[in-house]
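What follows draws every value from the coordinates through simple rules; no lab data is involved. The structure displayed is predicted, hence computed values, not measured ones. Heads up, the Cβs are rebuilt from the backbone with ideal geometry, glycines too, and the neighbour counts pull from every protein chain shown.
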Amino acid sequence: MAVVFQKTKLLTDKPFHYCPGCTHGIIHRLVAEALDELAIGETAIGVAPVGCAVFAYDYFNCDMMEAAHGRAPAVATGIKRVCPDKAVFTYQGDGDLASIGTAEIIHAATRGEKITTIFVNNAIYGMTGGQMAPTTLPGQVTTTSPYGRDVNHCGWPVRVSEMLATLNGPAYIERVSVHDVPHIKKAKAAIKKAFQLQMEGKGFTMVEVLSTCPTNWGQTPQEALKWLQDSMIPTYPLGVYKDITAQPAAAEGGAQ
Amino acid sequence: MKKLMKGNEAIAEAAIQAGCRFFFGYPITPQNQIPEYMSKRLPQEGGCFLQAESEVAAINMVYGAGGSGARVMTSSSSPGISLKQEGISYIVGAEVPCVIVNMVRGGPGLGSIQPAQSDYYQSTRGGGHGDYRMCVLAPGSVQEAVNLTQEAFDIADRYRNPVIVLGDGLIGQMMEPVDMDEAAHRAPAADLKEKNWAADGHIPTEDSPRAIINSLFIDPQVLETHNLHLQAKYDLIAKNECRWQEEQLADAEIVLVAYGTTSRIARSAMRKCRERGIKVGLLRPITLWPFPEAAIRKTLATAKNYLVLEMSMGQMVDDVRLAVNGERPVHFYGHTGGMVPTVAEMVSQIEKLAGVAPLHDESCVFDFGKAMDEAAKKLGEIADTVGRKLDEAGKKAHEAMTSPDVKDKAQEAADKVTAAADTVGQKLEEAGQKVNEALNSPELKQKAQEAAERIDSAAETVGQKLDEAGQKVSDAVNSPEFQQKAQDVGKQVSDFATRTAETVTKGMTGILGAIGKAFESVQKDLKDIEAQQKAKDEKPSDPSGKEGE
């Protein structure tokens, strides 16, 4: 019988520890498939964050380094400078990248560090139990914003893709979502393009992936996918924010 | 061939010569010459220098580069090293080799930019979170900084553990001759293995499987096993890598323990005390961790007292006390905040422990008495010269009076006397000036009175000699021959006598003025000393240094 589908070899056999309905598993697979299809996976070097994806080194079947909270872009910088021909990526959550690690991501981006960052934005701190994140929506209830995020008290969500797109260093920045199959397909294409541009030495590349956290959002997996679509996307519009290879009109990016 | 190099630059070049091709840093005084030097040199060697956005980022870049198998270094100074602690803890946990240079400055907080040794605890006890150790190398000279930096890379690779090169602002900023030829193209130690563990994107093999560089071990049992594995490495480091230097310890009753810059000052103090027969020796730890505990224990055979000298409030003293284990008194003396202790201060501490009376060493402190003696001696010599010249002048005047060409000769003699008297006046002025300068120096001590007496006596000699010379001139002038010839040369002699009198008066005025000023100054300084002594008697102890036990 012909094999029509099989697990990518860039993922190990270790079962994911993610909660039911969490979309981290999908994003892991997209990254692994993209690396595999570009034939750069076997010699890729990944950097795992602190957050729900902290065990990413157990899942990606390539050389991996575990970074301190927020420091993955700095660690990846060190790796890439030593191994300039290898695909180097960071896989970071929104607390890791957009809060404690803002300095590291901004500077890696502005240096045009030839790495790819997979930025998983689920608007909450998942691993620590559902605290308010820099990306938590206004009014969103978390364990540290029990009355809903009050923007007068603790400010507004950080829009990382828009912010980094203002810099000269990045070659490619796109925000995608994985709440349904068409968007998952788009997400994979974006991740693949990011790695491709990295290997072409174009500069810093990042794909922001909107992701769910049913456990800490207090929703079922189906409700979570819907909440992502209805509540998150208006705050975080999908689209290409930076693409130095695109025609000038498309390079302006913005919401689709 | 030796060349003169600044500590920071010598360390940077030594690292490059040891195969370091990656450097990540962030500016902070007093170590900026290291990143600056690296930014210039590494591209020439095909390496990479990158100025990070923070010390936090820099140490994580080091983690990435080291994890990929490269020889990598970062440097900073105390506040920056504090920022790196998170990363260092991860690096140790993930067993990544690297070299970290800390040119210590005064703390806590932003502190100062002057040299200090107040990061001893931080360096030797780990520094970041968790249970760990790092080999800490403390150079005492620029040459040693070069050698130890190169060894640091071998030690780091040998144990897959970071190594700290702990200097201080002085080691970093000081220029000393170093032999870079010996350091050139230094190959890694022969015992070092291939880094088959590195996350360098290699195709996995049986010998070199997929690399996971990680410090997360969520299962407590696994983490304990990991920590026991790390501890076994630390035990090996303690066994194999301990370094220290012994000086004059064979019969030492007082054992000085000091490292880095402080050890150099301690060495000078030790030598001065040895010259006076005090049995004092120096033990200089070169590795602060592992601490040379066995070497300390060995000195118990002769030691009666230990004196630990540091540029801190007393940190290494704890390790000395642990080594001595209560068997002998362990004393501490130090300065902090960027203050550097002096040889004289250390000598005074050693004198106390040896139970000998303080001796004011001329090379330690400015010796006012000696300076005054010299001034008095010079004054005496000048007085002699005055006398002699006046003698000669008198003699020549006499000769002139008696010669056939008395007229010409008298003129000539008069000129010569005038010139001689001018010189005398000038010399007396100079002497007065010198006395003044000596008196105006700040270290006026109890010898002032004695010196004043010497000046007095010298001044008396001057007076006496001037009297004698005057008498001789007078004799010459009053001789019968002179009287006879005086009529012929009356006018010239009259002029000559007037000029001589004027010049001698001028000279005397000068010297008396100087001596007068000198006495005023001596009197004022003696009053000051009295006042200081009074103030000192009222204060119980010297606030500048912290004293232990």
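Take every Cα pair under 8 Å whose residues are at least 6 apart in sequence, average their separation, divide by the length of region B:248-402, and the relative contact order is 22 percent. Site pair B:SER54 and B:GLU460 shows an inter-label distance of 7.8 nm when each label is modelled 7 Å from Cα along Cα→Cβ. Between amide H atoms placed 1.01 Å from N, distances below 5 Å from B:ILE286 occur with B:ARG243, B:TRP244, B:GLN245, all of them 5 or more places distant or on a separate chain.
Send over the per residue convex hull volume for region A:31-136, Cα only, as a whole number of Å³. List each step's numbers first, then the result.
Values: hull volume 9.4 nm³, N = 106.
Spelled out: Cα convex hull of region A:31-136, divided by residues, is 89 Å³.
Take the alpha carbon gyration tensor of region A:1-61, find the square roots of its eigenvalues, order them as a ≥ b ≥ c, and report rounded if a/c is under 1.5; if not, report prolate when a/b exceeds b/c, else oblate. Oblate is the answer for region A:1-61, as a/c is 1.5 or above yet b/c matches or exceeds a/b. Peptides A:49-58, A:5-14 ranked from most to least packed give A:49-58, A:5-14, packing being the mean of other C-beta atoms within 10 angstrom over each peptide's residues. Straightening the chain between B:GLU45 and B:PHE217 buys 58.1 nm, computed as 0.36 nm per residue apart minus the Cα-Cα spacing. Karplus-derived 3J(HN,Hα) values for region A:26-32, using 6.51 cos²θ - 1.76 cosθ + 1.60 with θ = phi - 60°, are 4, 5, 4, 5, 4, 5, 4 Hz; glycine and proline are entered as x.
Using the Cβ-Cβ distance between A:CYS154 and A:CYS19 with R0 set to 30 Å, the FRET efficiency works out to roughly 0.70.
Once the Cα-Cα distance is subtracted from the 0.36 nm per residue extended length, the B:ALA357 to B:THR225 segment shows a gain of 41.7 nm. Projected onto its three principal axes, the C-alpha set of region B:244-354 covers 33, 29, 22 Å, listed from the longest axis down. Amide H to amide H, with H built 1.01 Å from N, B:GLY130 comes under 5 Å of no residue 5 or more places away or on another chain.
What's the FRET efficiency of B:ASP415 with B:GLU453 using the Cβ-Cβ distance as r and R₀ = 35 Å, to the nearest 0.05? Present the calculation step by step, with values, prior to reporting the outcome.
Values: r = 39 Å, r/R0 = 1.12.
That gives a FRET efficiency of 0.35.
Treating each Cα of region A:24-251 as an identical point scatterer and summing with the Debye formula, the log10 of I(q)/I(0) at q = 0.08, 0.15, 0.17 Å⁻¹ comes to -0.25, -0.93, -1.21.
Each label point was placed 7 Å from the Cα along the Cα-to-Cβ direction; for A:ILE244 and B:ALA535 their separation is 6.7 nm.
Couplings 3J(HN,Hα) of region B:326-342, computed from phi: x, 7, 9, x, 10, 9, 10, 9, x, 10, 9, x, x, 7, 10, x, 9 Hz, in residue order, whole Hz [Karplus 6.51 cos²θ - 1.76 cosθ + 1.60, θ = phi - 60°; x for Gly and Pro].
Taking every residue in B:66-79 and counting other chain Cβ atoms within 10 Å of its Cβ, the average works out to 3.
I'd like to compare B:309-322, B:39-52: which one has the highest average count of other Cβ atoms within 10 Å, and what's the full order after that? Numbers along the way, then the final one.
On the way: B:309-322: 21.9, B:39-52: 16.3.
Listed from highest to lowest mean packing, they are B:309-322, B:39-52.
Cα centroids of region A:219-239 and region B:73-129: 45 Å apart.
Where Rh is the Kirkwood radius over the Cα pairs of the protein assembly as shown, the temperature 4 °C and the viscosity 1.567 mPa s, what D in µm²/s does Stokes-Einstein return?
Values: Rh = 32.5 Å.
Estimated diffusion coefficient is 40 µm²/s.
With contacts defined as alpha carbon pairs under 8 Å and 6 or more residues apart, what's the relative contact order of region A:24-251 in percent?
Details: 486 pairs, mean separation 43.3, N = 228.
It rounds to 19 percent for region A:24-251.
Equivalent-ellipsoid semi-axes for region A:93-203 (Cα gyration tensor, √(5λ), whole Å, largest first): 28, 17, 11.
Listed by chain and number, the lysines placed with their C-alpha closer than 22 angstrom to that of A:LYS202 are A:LYS80, A:LYS86, A:LYS114, A:LYS186, A:LYS188, A:LYS192, A:LYS193, A:LYS242; residues fewer than eight positions away on the same chain are left out. Amide H to amide H distances under 5 Å link A:GLY126 with A:CYS52, where only residues 5 or more positions off or on other chains count and H is placed in the peptide plane.
Residue by residue through B:210-222, how many Cβ atoms from other chains fall within 10 Å of the Cβ on average? Please list the in-between numbers first.
Values: counts 8, 6, 9, 11, 9, 4, 7, 0, 3, 0, 0, 0, 0.
So the per-residue partner count for this stretch is 4.
Can you show me the helix-derived [θ] at 222 nm for the protein assembly as shown, built from DSSP H runs with n ≥ 4 at -39,500 (n - 2.57) apiece and divided by the number of residues, rounded to the nearest 500. Helices in the protein assembly as shown give a 222 nm mean residue ellipticity of -15500 deg cm²/dmol.
With the Cα gyration tensor of region B:76-152 giving a ≥ b ≥ c as the square roots of its eigenvalues, does the rule (a/c under 1.5 for rounded; else a/b larger than b/c for prolate; else oblate) give rounded, prolate or oblate?
On the way: a/c = 2.05, a/b = 1.10, b/c = 1.87.
Oblate shape, in that a/c is at least 1.5 and b/c is the bigger or equal ratio.
Across region B:354-359, computed HN-Hα scalar couplings (Karplus, 6.51 cos²θ - 1.76 cosθ + 1.60, θ = phi - 60°) run 7, x, 10, 5, x, 10 Hz from first to last residue, x flagging Gly and Pro. Highest mean first, the peptides B:263-275, A:211-223, B:181-193 sorted by other C-beta atoms within 10 Å per residue fall in the order B:263-275, A:211-223, B:181-193.
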